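> Below is a structure I'd like to ask you about.
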Amino acid sequence: MVAVTSNSAVVTLPSDTQILITREFDAPKHLVFRAWTTPELIKRWWSGDRGEVTLAEVDLRVGGTWRYVMTVDCGDLPPFETAFHGEFHEIVPNERIVSTEVFEGMPDAHAVDTITFTEQDGRTTLTILVQHESKEHRDGHVESGMEAGMQESMNHLEEVARSLR
């Protein structure tokens, strides 16, 4: 899949326990939100270029859960499976999602994600504030290589959202 992107995500560290990701998309927020929350669409973008999403489950309601599983292809290493899950705490359709995020390989290092979708002139700014419980967990998240994979995923997310027009 060839990515057509508006720009790259900007990653900052506003505090010792936070990661802030901001990315603009050439698509209206209702389409970005739909691509973010619809299992069959998540399967098209979430893994970036790193493998294949084999499971995307979303129970989009407060108290509902989500879980994504992907097979990671590392080239010279055998493929392996990785998974993330969480619970929705707040949902404002097309505007905001607050949920937990747990990497199943490090279940004690969970975070709370606040995701906002804002639109101006048909373009959406997606903002993700990841709140960790400790600096060590935040640093582990950053040092995991998440930024490169996230950039790929965001590029594919834009492709998917644009394809929904």
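> Compute the signed sum of charges (Lys and Arg +1, Asp and Glu -1) over the other residues within less than 12 Å, Cβ to Cβ, of THR124.
Values: positive: ARG23, LYS29, ARG34, ARG123, ARG162; negative: GLU24, ASP26, GLU95, GLU119, ASP121, GLU158.
So the surrounding residues net to -1.
> Got a sec to turn the phi values of the stretch 13-26 into Karplus ³J(HN,Hα) couplings, 6.51 cos²θ - 1.76 cosθ + 1.60 with θ = phi - 60°, whole Hz, x for Gly and Pro?
For the stretch 13-26, the Karplus-derived couplings read 10, x, 8, 5, 10, 10, 10, 10, 10, 10, 8, 9, 10, 8 Hz, x marking Gly and Pro.
> Which one of THR118, GLY105, VAL92 is farthest out on the positive end of the charge dipole of the stretch 87-140, using unit charges on Cβ (Lys, Arg +1; Asp, Glu -1) and the Cα centre as origin?
Going by the charge dipole, the pick is THR118.
> Any idea what the alpha-carbon Rg over 2.2 N^0.38 Å comes to for the stretch 35-111? Let's see the in-between values first.
Numbers: Rg = 13.3 Å, N = 77, 2.2 N^0.38 = 11.5 Å.
So the Cα radius of gyration is 1.16 times the expected 2.2 N^0.38 Å.
> Counting only helical runs of four or more DSSP H residues, what would the 222 nm mean residue ellipticity of the chain come to if each run contributes -39,500 (n - 2.57) and the total is spread over all its residues? Mind dumping the intermediate values first?
Values: 4 runs with 43 residues, N = 165.
After summing the helix terms and dividing by residue count, I get -8000 deg cm²/dmol.
> For LEU55, which sequence-distant residues (separation of 5 or more, or a different chain) have an amide H within less than 5 Å of its own amide H, given hydrogens modelled in the peptide plane?
Residues meeting the amide H criterion: VAL69.
> Could you list which residues have their amide H under 5 Å from that of ARG96, counting only those 5 or more apart in sequence or on another chain, with H placed in the peptide plane?
Those qualifying (amide H under 5 Å, at least 5 residues apart or on another chain) are PHE117.
> Run the numbers on the chain and let me know its relative contact order in percent, using alpha-carbon pairs under 8 Å that are six or more apart.
On the way: 370 pairs, mean separation 48.9, N = 165.
Worked out over the chain, it gives 30 percent.
> While we're on this one: I'd like the Karplus ³J(HN,Hα) series for the stretch 112-122: coefficients 6.51, -1.76, 1.60, θ = phi - 60°, whole numbers in Hz, and an x wherever there's a Gly or Pro.
So the J values, rounded to whole Hz, are 10, 9, 10, 10, 10, 10, 10, 10, 9, 6, x.
> Could you please state, rounded to a whole Å, how far the C-alpha centre of the stretch 40-84 is from the C-alpha centre of the stretch 8-25?
Result: 21 Å between the Cα centres.
> Out of every Cα pair in the stretch 59-104, what percent are spaced more than 11 Å from each other?
68 percent
> Moving on to the next point. I'd like the Karplus ³J(HN,Hα) series for the stretch 69-84: coefficients 6.51, -1.76, 1.60, θ = phi - 60°, whole numbers in Hz, and an x wherever there's a Gly or Pro.
Taking θ as phi minus 60°, the curve returns 10, 9, 9, 9, 10, 9, x, 7, 9, x, x, 9, 9, 9, 9, 9 Hz for the stretch 69-84.
> For q = 0.09, 0.15, 0.19 Å⁻¹, what log10 I(q)/I(0) does the chain give under the Debye formula with an equal point scatterer on each alpha carbon and no solvent?
Log10 I(q)/I(0), no solvent term: -0.27, -0.82, -1.40.
> What is the stretch 20-115's relative contact order, in percent, from Cα pairs under 8 angstrom and six or more apart in sequence? Present the calculation step by step, with values, prior to reporting the outcome.
Numbers: 173 pairs, mean separation 16.8, N = 96.
In percent, rounded to a whole number, it is 18.
Just so you know, all these numbers are worked out from the coordinates, no wet-lab data involved. Remember, it's a predicted structure, so these values are computed and weren't measured experimentally. FYI the Cβ positions are ideal-geometry reconstructions off the backbone, even for glycines, and counts take in every protein chain you see.
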